[in-house]
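A quick write-up on the structure given underneath.
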Amino acid sequence: MDVAAARTGDPLTARRSSTPLVVIAVLGVLVGVAGLLVPRFVGGGEDAERDAVVARVNDFATTYNTYDVADLASYQKRMKPLLTPAYDKEFVRVTNAVFGALESKDQKSGDANVLAVAVDSIDKDSAIAIVAVDASITTSSDETAVQRRFRWKVTLSKSDGDWRVSQFDTVVPLDASTDPGSGGASPSPSASPSASQEGQ
C-alpha cells in the first residue's frame with residue numbers, strides 16, 4: 001500500500017513513510033548539538049574553579065604580607081580562613097615563636113601587591129599555583145621600607161566547597177645556584193613572615 005502510494009505520488013502516505021527518517025535526522029542533530037554544549041559546560045566549570053584558586057592565592061599572598069608584629073592575634077585571625085585546619089595550627093605555632101623574637105624590632109609588612117598568579121595544576125580537590133608578590137617591610141631601626149619580592153608555589157586543598165592553602169614553598173630562580181657541586185639552591189618552606197625572608 002505504502003509502496004504503491006509512493007509510486008503514485010500520494011503525498012499523505014509518502015509523508016507518513018518519511019516521518020521516521022525525519023525524526024531520526026532531528027534526533028541526530030540534537031545529539032550533535034548536545035555533544036558540543038557538554039564540553040563547554042565542563043570547561044566553564046573548570047574555569048570557575050581556576051578563578052576561585054587564583055582569588056584564594058591572591059588573598060593569601062596579600063594577607064600573609066600585611067602584618068604588624070605588635071598585633072599577632074589579628075594577623076592569625078585574618079589568616080585562619082585562608083588555611084587548612086592542619087596548616088593553620090602550624091602557622092599559629094610558628095608565628096607565636098617568630099613574632100616573639102621580632103617584637104623588639106617593631107617589624108611591619110604592608111603595601112602587598114600581587115603581580116601574577118598562575119594555576120599550575122588542578123583537579124576536583126587539590127591545586128597548585130605559582131604567585132609573585134611585592135611587599136615592603138619596615139622595622140624600628142629602618143628609616144625607609146625595604147622592598148621585597150616573593151615567588152611561591154602554593155598548594156591548596158578543597159574542603160566543604162572552599163579552597164584553602166595547605167602548604168607553600170619559595171620558588172628559587174634558576175640563576176640562584178652559586179655552587180655547581182651543590183645541585184643548586186633549595187626552596188625554603190616558610191610558615192611565618194620574617195625580615196630574614198629573601199625576595200626572589
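Pairs linking a residue in the stretch 103-126 that is more than 29 Å from Thr138 (Cβ to Cβ) and in contact (Cβ under 8 Å) with a residue 12 or more places away in the chain to a residue that is β-branched (Val, Ile, Thr) and open to solvent by less than 70 Å² (accessible area, probe 1.4 Å), with Cβ atoms under 7 Å and 6 or more positions apart or on different chains, are Ala118/Ile130; Val119/Val53; Val119/Val54; Asp120/Ile128; Asp120/Ile130; Ile122/Val53.
If the condition is being within 13 Å of Thr62 (Cα to Cα) and crowded, with 18+ Cβ neighbours inside 10 Å, then the stretch 110-131 contributes Ala112, Val114, Val117, Val131. The residues listed here are Leu36, Leu72; of these, the one that is at pLDDT below 95 and more than 18 Å from the chain's Cα centre (by Cα) is Leu36. The residue pairs whose first member lies in the stretch 63-84 and is part of a helix (DSSP H, G or I), whose second member is among the aromatic types (Phe, Trp, Tyr), and whose beta carbons are closer than 6 Å, counting only pairs six or more residues apart or on different chains, are Val69/Phe99; Leu72/Phe99; Tyr75/Tyr67; Leu82/Phe60.
Restricting attention to the stretch 75-93, and to residues there that are among the hydrophobic types (A, V, I, L, M, F, W, C) and open to solvent by 30 Å² or more (accessible area, probe 1.4 Å), which single residue is nearest to Asp142 (Cα to Cα)? Steps first, answer last, please.
Taking the stretch 75-93 as the starting set, the residues that turn out to be among the hydrophobic types (A, V, I, L, M, F, W, C) are 79, 82-83, 86, 91-92.
When the remaining residues are screened for being open to solvent by 30 Å² or more (accessible area, probe 1.4 Å), the result is 86, 92.
Working: Ala86: 35, Val92: 27 Å.
So the residue we want is Val92.
Of the residues making up the stretch 85-96, those that are free of Cβ contacts under 8 Å to residues at least 24 places away in the same chain and closer than 21 Å to Asn58 by Cβ number 1.
Is it the case that some residue within the stretch 101-117 is in a helix (DSSP H, G or I) and among the aliphatic types (A, V, I, L, M)? Scanning the stretch 101-117, I find at least one residue that is in a helix (DSSP H, G or I) and among the aliphatic types (A, V, I, L, M), so the answer is yes.
Screening the candidates Asp134, Asp120 for the property of being of a type in the set (D, E, K, R), under 27 Å from Arg50 (Cα atoms), within 14 Å of the chain's Cα centre (by Cα) and part of a strand (DSSP E or B) yields one hit, Asp120. All but one of (1) open to solvent by less than 30 Å² (accessible area, probe 1.4 Å); (2) at pLDDT below 95; (3) within 18 Å of the chain's Cα centre (by Cα) hold for Phe99, so report the exception by its number. With respect to (1) open to solvent by less than 30 Å² (accessible area, probe 1.4 Å); (2) at pLDDT below 95; (3) within 18 Å of the chain's Cα centre (by Cα), Phe99 is out only on (3).
Pull up the stretch 135-145, narrow it to residues that are free of Cβ contacts under 8 Å to residues at least 40 places away in the same chain and closer than 24 Å to Thr95 by Cα, then point me to the one that is surrounded by the most Cβ atoms within 10 Å (Cβ to Cβ). Looking at the filtered set, the residue picked out is Thr138.
The values are calculated or read from the model by the stated rules, or taken from the named source; none is laboratory data. As the structure is a prediction and not an experimental result, all values here were calculated from the model. All Cβ positions, even for glycine, are placed from backbone atoms using ideal geometry, and neighbour counts span all protein chains on display. Areas reflect the complete protein model, heavy atoms only, side chains present, ligands, DNA and RNA absent. Shrake-Rupley method; radii C 1.70, N 1.55, O 1.52, S 1.80 Å.
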